[in-house]
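Here is the structure we will look at.
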Amino acid sequence: MNTQLTIYHENPKLSELRRKSMKLPLLPGVYIMRDKRDAIIYIGKAKALKNRVSQYFGSQEGHAEKVRRMVENVDHFEYIITDTAYEALVLECSLIKLHKPKYNILLKDDKGYHYVKITAEEYPRIVEAKKVEDDGAEYLGPYTGSFAVRQSVDEACKIFRIPTCRRSFPRDIGKGRPCLNYSIGLCLAPCRGRLKKEIYDEAISEARDFLKGGTETSVARLTERMNECAERLEFEKAARLRDRINALRKMSEKQKVIMTSVEEQDVSALAQGSGSTCFEVFRFRGGRLCDREQFLVDEMTGDLHLCRAEFIKQYYSMREVPPRVTVDGETEDAALIEQMLTEKLADRHGRKVRISVPQKGEQLRIVEMCRQNAAEYLAQAKGRTGETTAAVDELGRLLGLDSPPEYIESYDISNTQGDDNVAGMVVFENGRPLRSAYRRFRIKTVEGQDDYGSMREVITRRLLEYNAHKEEGKGFGRLPDLILLDGGEGHVNAIRPLIEASGLPIALFGMVKDSKHKTRAIAAGGREISLTRSRAAFTLVSTIQDEVHRFAITYHHASHGKSVIRSSLTEIEGIGPARARELLKHFKTISAVYEASVEELCGVKGMNRTAAENIKARRRKDHSGE
């Protein structure tokens, strides 16, 4: 979030609203925010109304952008007291569903029903369908999403070798060569004219059973039929059945990557970036991924606990509730939400809904897969790559930031035993280098080997540049969400007072290397944050650290080289910095200067014959070894 680009107009009624909020009771209830037109713009619940509502009308520093915008538009509020916090939660959900306030999460339920269609043809096909038509076809479903339908159709056609081409049978039988699917064993190829109709009908019948009963039921039935055929010595038919059983088992093995030991659950995860949040939901039934959904919510970043709670409440006002909801982090009011969902589930077996946060094993793997998909969807929506979006989101979580650090600056100091002291600044925007924003600093106030002092000078100059250019909103006028120093705890402790004194909302951390100069951890000032379990964040931080080191040391080498060349020329009587610069500009190299004749040297701007002869004398002296 680029705070310097967003202008907030303080609500003139803020003081009055705060006074009124301080008079509220310390009781559970629901509060309703309204604008000047008396329209409801936000509905929330609280365990203690006074504490919760008064937070909105105090300092706006710690609030997310969405909350600040809401507060700007509040004209007055009202409240409803309830007996318990749970009653407040239920009432909140009911009122949000009824009024659909602007600043609450409002998930758009645009899902229609989908079906698997077995066409009414002489050679039936298995296809997807969005509605049931009066065409004599057989429809299986409905399914809540196209994902489950597409997956089922694809599996059935591959396992039972049902044609998926555009040819029409029996019209096109014998009129062309079979396609690639026949060659790789994925099609019965009735187009060849050698397939018996009964074999095709048998495949359709078995595919129908598979779609209705699933993998285990189909394997059991086919195995029974295969044994019967073998007993009747119908070996060719038994072989076909054996191949289908093998195909089903092979498909089942592939599906294990998206299967869980939990029979019935929903897994949800979120990814944030650029003021938007994407929620991904994997729905498992019978231990198998049967559906998935994504919801993109704009202007919702910040407190992840609250984000998850608001999403879960909205989502299960539209969808059936499973006994288990697995999420990617802690959720606000999880116990109350579990109670509400349990009542909605109304399970005849008395099961209770449980919200779980896995820490290891299979469930953690599924959650991470879900989060990666959320990041990919968000990236596609914003025109980025899923990998970088996931890395920035993961880094923000790892560092405990309110939102992903979209604009990162990193600094490194480089010198040679205290000489030619310089610094480099690199910028990463949305996980990618922004080379137009890179900057170089020549250290002016620090002499000798003092990395802490040099870093303090650089950051001080950076903050001064921001104050001078913040109206521009770019370059030095753009405030970073995160600063990463190439160094450990000492560097962080040296710079943190400067950031705190500035009052600017910039997160500060260091990048720690191991004995092999490879990124090892993040220095947080007094502690280290391990990167070993966060692969995407580790890769991003390593890339940033390598890049800032490369940029700083390249600048140092260039500066050091120039200083060496200039000092060798300026040691000659009559050659000062200005003449040395003009000589190098004209002849390009120091050796070319020495090789030039007196007349050629005199032709350079600012040179005279005495100075030219001194250069030649220095050349003769060096050659004679004097």
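Every number in this text was worked out from the coordinates using simple rules, so none of it is lab data. From a predicted model like this one, the values you see are computed outputs, not experimental measurements. Positions of Cβ are generated from backbone atoms using ideal geometry, with glycine treated the same way; all protein chains shown enter the neighbour counts.
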Quiz prompt | Burial ranking of peptide ranges 522-529, 396-403, 275-282, 179-186 (average Cβ count within 10 Å, highest at the top) | solution = 275-282, 396-403, 522-529, 179-186
Quiz item: In the set [x] 283; [y] 253; [z] 357, which value of volume of the Cα convex hull per residue in Å³ was calculated from the structure you see?
Solution: [x]
Quiz prompt | the chain, helix-only ellipticity at 222 nm - DSSP H runs n ≥ 4, -39,500 (n - 2.57), divided by all residues, nearest 500 | solution = -14500 deg cm²/dmol
Self-check item: Charge sum, other residues only, whose C-beta stays under 11 Å from Asp303's C-beta, Lys/Arg counted +1 and Asp/Glu -1
Solution: -2
Quiz item: Over the chain, what is the relative contact order in whole percent, taking alpha-carbon pairs under 8 Å and six or more residues apart?
Solution: 8
Self-check item: Whole-Å distance, taken between Cα centres, linking region 400-461 and region 601-615
Solution: 41
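Rank by packing, highest mean first: peptides 187-200, 445-458, with packing defined as the count of other Cβ atoms within 10 Å averaged across residues.
445-458, 187-200
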Exercise. Return the percentage of antiparallel bridges among DSSP beta bridges fully within the chain, rounded to the nearest 5 %.
Key: 80
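Which of the peptides 545-551, 82-88 is most tightly packed, and how do the rest follow, judged by the mean count of other Cβ atoms within 10 Å per residue?
In descending order of packing, they fall as 545-551, 82-88.
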Self-check item: Relative contact order %, region 326-405, counting alpha carbon pairs below 8 Å whose residues are six or more apart
Solution: 21
Quiz prompt | Straight-distance crosslink candidates among aspartates and glutamates, where the alpha carbon sits under 14 Å from Lys516 and sequence neighbours closer than 8 are dropped | solution = Asp546
Quiz item: With contacts defined as alpha carbon pairs under 8 Å and 6 or more residues apart, what's the relative contact order of region 11-99 in percent?
Solution: 39
Practice problem: Any of Lys20/Lys47; Lys131/Lys382; Lys36/Lys100; Lys36/Lys108; Lys66/Lys100 with alpha carbons more than 23 Å apart? Name them for me. | Solution: Lys131/Lys382; Lys36/Lys108
Practice problem: Could you please state, rounded to a whole Å, how far the C-alpha centre of region 126-202 is from the C-alpha centre of region 491-539? | Solution: 57
Practice problem: Take each complete run of DSSP H in the chain, measure how far its Cα atoms stretch along the helix's own axis, and keep only those covering 24 Å or more with mean Kyte-Doolittle hydropathy at least -1.0; list them. | Solution: 197-231, 361-382, 451-469, 535-570
